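Nothing in this text is a laboratory measurement; each read-out follows from the coordinates by a stated rule. Fair warning: this is a prediction, and the values are worked out from it, not measured in the lab.
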Amino acid sequence: MDSQFQAQQKMKEALRDSDSAKYRDVQAYEMTGSGRTGYVFCGKVNAKNGFGGYSGAMRFVAGPGLATIETDEGGQEAMAFEIIWKAACAKWVKDVSAYWQ
């Protein structure tokens, strides 16, 4: 799945320590619009933060041109994540957790 590889690359860019990332509950969701069909991936990721400790499992949304991770700081960033999560993670296609590392 080409869109899965691209989404994984975007997550590597978004994480401070991508080698430490532990993914779970990753699902593929079909995105349609503008005459194109593709996939976005939603799940949870736990990775090391800037202090070297694990931050705890946070929800993420990743696709070929996007990677965003839930924040626990609240505010507009948290509200924006919720909007993206609800829009992107609604049409479940299949569980792809086994293919995320």
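Tabulated data
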{"item": "Sequence-separation-based contact order of the stretch 2-99, relative, with Cα cut under 8 Å and 6+ spacing, percent", "result": "32"}
{"item": "Number of Lys pairs (Cα under 16 Å; 8 or more positions apart or on different chains) in the chain", "result": "9"}
